[in-house]
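The structure appears right after this line, and notes come after that.
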Amino acid sequence: SEKSAPRSASTLAGRVVDAADGRALAGVRIVARAPGGEFLARSGPDGRYSMRGLSPQAYRVSAEDDRFVPWSRAVTVAAGQAETQDVPLVRGATLAGRVVSEDGVPIEAALVQVSRGLEDMFRAFIRSMEGEGAVRTGRDGSFRATRLAPGENQRLDVRHDEYEERAVGGLSLSPGGTRSGVTVILRRGLSVRGVVKDEE
């Protein structure tokens with residue numbers, strides 16, 4: 001016989017939909033993480049998912065699917081209760097290109113990050129610390145950033161320790177689309193050397 005879940009166990013359920021038109025999205029992996037473990041579910045043909053047997057506490061619920069912009073929410077479930085959390089997903093955009101020096105030499109390991117239009121500097125900084133939307137260039141200077149939020153007036157920031165930072169604005173990214181052929185040219189930065197001494 002099957003073991004029944006403890007009375008204090010909770011349920012988390014909802015529907016995964018396309019944020020643009022509300023259509024159900026099947027096969028999307030939903031993960032609820034908390035100290036002590038994680039619960040997994042996959043949306044069915046009607047977009048519905050369900051997780052049973054959760055202990056009452058706060059969870060970080062996220063959708064993991066390469067086709068969509070990353071989505072996550074903090075959800076608290078109460079003892080013995082059924083919590084509902086719908087998951088509206090936005091089709092992600094892709095941006096591909098190369099980073100080169102003024103001489104046309106590929107620059108490896110440059111950090112490339114796309115910022116949403118009109119995003120404040122604090123939020124952009126937090127996203128960069130979390131690594132969201134950030135990729136590094138390969139040996140040939142190429143990069144491919146996926147799962148980006150679509151929209152107008154996006155900004156591409158490129159950094160490398162040996163070069164001056166560069167920002168390219170006014171990029172338009174369409175949902176589910178790929179924009180390729182972007183080339184960013186970096187100028188070699190100046191180096192400062194010195195000795196740090198105390199007052200004496």
As a test of reading the structure, rank Val77, Val90 by solvent-accessible area (1.4 Å probe, protein chains only), most first.
Val90, Val77
Evaluated over the chain, the Cα radius of gyration and Dmax, each in Å:
22.1, 79
Fraction of alpha-carbon pairs over 13 Å apart in the range 139-182 - percent:
63
Considering amide H positions built from the backbone, and no H for Pro or chain starts, which residues 5 or more places from Gly141, or on another chain, come under 5 Å of its amide H?
Ile107
Grab the DSSP H runs of the chain that are 4 residues or longer, score each as -39,500 (n - 2.57), total them, divide by all residues and round the 222 nm result to the nearest 500 deg cm²/dmol.
-1500 deg cm²/dmol
To the nearest 10 square angstrom, what accessible area does Arg147 show with a 1.4 Å probe?
60
Against the empirical 2.2 N^0.38 Å scaling, what ratio does the C-alpha Rg of the range 4-84 come to?
1.09
Share of accessible surface on carbon and sulfur in the range 1-116, whole %, 1.4 Å probe and ligands ignored, is 48
If DNA, RNA and ligands are ignored and the probe is 1.4 Å, what is the ranking of Tyr59, Tyr163 by accessible area, most exposed first?
Tyr163, Tyr59
How would Asp161, Asp86 line up by accessible area, probe 1.4 Å, largest first?
Asp161, Asp86
Rounded to the nearest 10 Å², what accessible area does Val105 show when all protein chains are kept and the probe is 1.4 Å?
80
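The values are calculated or read from the model by the stated rules, or taken from the named source; none is laboratory data. All values derive from a computational prediction rather than experimental measurement. Protein only, heavy atoms only, side chains kept; ligands, DNA and RNA dropped before computing areas. Shrake-Rupley method; radii C 1.70, N 1.55, O 1.52, S 1.80 Å.
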